[in-house]
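Notes follow once the structure below has been shown.
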Amino acid sequence: MPTIAHYHRPPDLDTAWQLLRDAGGSARLLAGGSDLVLRCPPEVDTLIDLSAAGLAGVTRRADGSLTIGAMTTFSDLLAAPAATDHLGGLLHDVLADFGSVLHRNQATVGGHVARARMSDLIPGLLAADAEVVVRTEDTRTRPLADHLAAPPGAHVLTELHLPAPPGPAAGAFTRFSRSAFDHALLNVAVVVHLDAGVVHTARVVIGETGVLGRRLPDAEAALTGKPPTPSAIDAAARAVVAGLDPRQDALASADYRRHLAGVGTRRCLQQVVARLGEVA
Ligand SMILES: Cc1cc2nc3c(=O)[nH]c(=O)nc-3n(C[C@H](O)[C@H](O)[C@H](O)COP(=O)(O)OP(=O)(O)OC[C@H]3O[C@@H](n4cnc5c(N)ncnc54)[C@H](O)[C@@H]3O)c2cc1C
């Protein structure tokens, strides 16, 4: 950790943004600090603690959409039925085994998304069509996928929006790792919207070490316009295996990751079908 000469705890978002903008590259926002304490660049001498800026909390709106404040910890998210019920339990799947209890008490959703590295949450958020709200000189809302692809720049991530599904919908998530505490070798998130018993929209997202989350359009097409039967699920899982070009590293071969992606897709879709049975 570099020597920190200035510590600020702004009382609101406007002040947080102004402090960040005025400090240039020598400042970092401090959320849970779990990542920053390990990877703070040497030029940083100023921390801007967001804990008093009013950015925590989970709200379900009347239309069924969900808003998650950037400073919401994973424990608070896991304790919020509005979040864990959304899409039949997608976020519960993500968070139930996420890190440790100590880590979930500390780490925040905003810090996790802003750090933008290997992630169990981002595939789930991409499958849920999440949008991020970002404060710079103005306030912008944009799809999470666009936010992740945008060039880096100073900003305060203020909240995430998960839109209401247009009809009966459910999601599921699974991860594969060598031990419960290791980073995932690969993870899978799926969301399916039904219309009159057939799949109206499907999102199949695979995340792996080094890749935050990649949609598999052929797998989504294999589901769309059909009832979510075992044969449609099988076709989607085969499309994932055929369409994925995973990395190979010391932990797993590309072939093994491809195999895991097929297994995970099948498992998630079976879970989604069970959950759709409950909401139908
Ligand atoms: C022990 C341990 C276990 C873990 N287990 C998992 C796991 O199982 N699955 C998984 O996916 N990840 C895991 N992680 C990664 C973890 O989730 C992240 O470290 C954590 O979410 C970061 O959040 P934070 O609030 O601590 O961020 P911080 O460390 O405070 O900040 C991270 C970065 O984001 C910036 N930042 C923070 N808030 C904002 C904001 N609102 N707007 C813009 N920039 C901001 C900071 O300046 C910093 O650069 C683990 C990490 C640890 C240390």
For this session: Could you run the Karplus curve 6.51 cos²θ - 1.76 cosθ + 1.60 with θ = phi - 60° over the range 202-210 and give me ³J(HN,Hα) per residue in whole Hz, x for Gly and Pro?
Result: 10, 10, 10, 10, 10, x, 8, 3, x
For this session: Would you grab the residues whose amide H sits under 5 Å from the one on Leu186? Only those 5+ places off in sequence or on another chain, please, with H modelled 1.01 Å from N.
Result: Phe176
Exercise. Taking the Cα centre of the range 5-119 as origin and charging only Cβ (+1 Lys, Arg; -1 Asp, Glu), how large is the dipole, in debye to the nearest 20?
Worked result: 120 debye
Exercise. Could you give the dipole magnitude of the chain about its Cα centre, charging the beta-carbon of Lys and Arg +1 and that of Asp and Glu -1, in debye to the nearest 20?
Worked result: 560 debye
Problem set entry | Furthest towards positive pole of dipole, Ala82, Ala116, Ala128, structure part the range 70-130, Cβ charges | Ala116
Problem set entry | the range 80-132: trypsin sites (Lys or Arg not before Pro) in DSSP loop, at most 14 other beta carbons within 10 Å | Arg117
Seminar exercise, completed: Row for the range 118-197, column shape: gyration tensor on C-alpha, a ≥ b ≥ c, rounded if a/c < 1.5 i.e. under 1.5, prolate if a/b over b/c, else oblate; value oblate
For this session: With no solvent and one equal point scatterer per Cα, compute the Debye intensity ratio I(q)/I(0) for the chain at 0.07, 0.09, 0.16 Å⁻¹ and report its log10, rounded to two decimals.
Result: -0.26, -0.43, -1.23
For this session: Report relative contact order for the range 169-279 in percent, whole number only (criteria: Cα-Cα under 8 Å, sequence separation at least 6).
Result: 28 percent
Seminar exercise, completed: Full extension between Asp22 and Cys40 adds, at 0.36 nm per residue less the Cα distance, a length in nm of 4.6 nm
For this session: Please give, to one decimal in nm, the separation of the simple spin-label points placed at Asn105 and Asp63, each 7 Å out from Cα toward the Cβ.
Result: 3.8 nm
Exercise. What order do you get for Tyr256, Tyr7 when you list them from fewest to most C-beta neighbours inside 10 Å?
Worked result: Tyr7, Tyr256
For this session: Step through the residues of the range 152-158 one at a time and calculate ³J(HN,Hα) from phi using the Karplus curve (6.51 cos²θ - 1.76 cosθ + 1.60, θ = phi - 60°), rounding each to whole Hz and writing x for Gly and Pro.
Result: x, x, 4, 6, 10, 6, 9
Exercise. Using θ = phi - 60° and the Karplus curve 6.51 cos²θ - 1.76 cosθ + 1.60, what whole-Hz ³J(HN,Hα) does each residue of the range 123-130 get, with Gly and Pro shown as x?
Worked result: x, x, 5, 5, 5, 8, 6, 5
For this session: Grab the Cα-Cα distance for Asp49 and Arg142, subtract it from 0.36 nm times how many residues apart they are, and report the gain in nm with one decimal.
Result: 31.0 nm
Problem set entry | For peptides 200-208, 75-83, 88-96, 216-224, sequence by mean Cβ density within 10 Å, most packed first | 200-208, 88-96, 216-224, 75-83
Exercise. Magnitude of the Cβ-charge dipole of the range 167-280, K/R +1 and D/E -1, about the Cα centre, nearest 20 debye?
Worked result: 100 debye
Seminar exercise, completed: By the Cα gyration tensor axes a ≥ b ≥ c (a/c under 1.5 gives rounded; else a/b larger than b/c gives prolate, otherwise oblate), the shape of the range 6-51 is oblate
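Read the figures in this text as sums done on the coordinates, not as results from a lab. Being a predicted model, the structure only gives us computed values, none of them experimental. Counting neighbours? That spans all protein chains shown, and the Cβs are built from the backbone with ideal geometry, glycine included.
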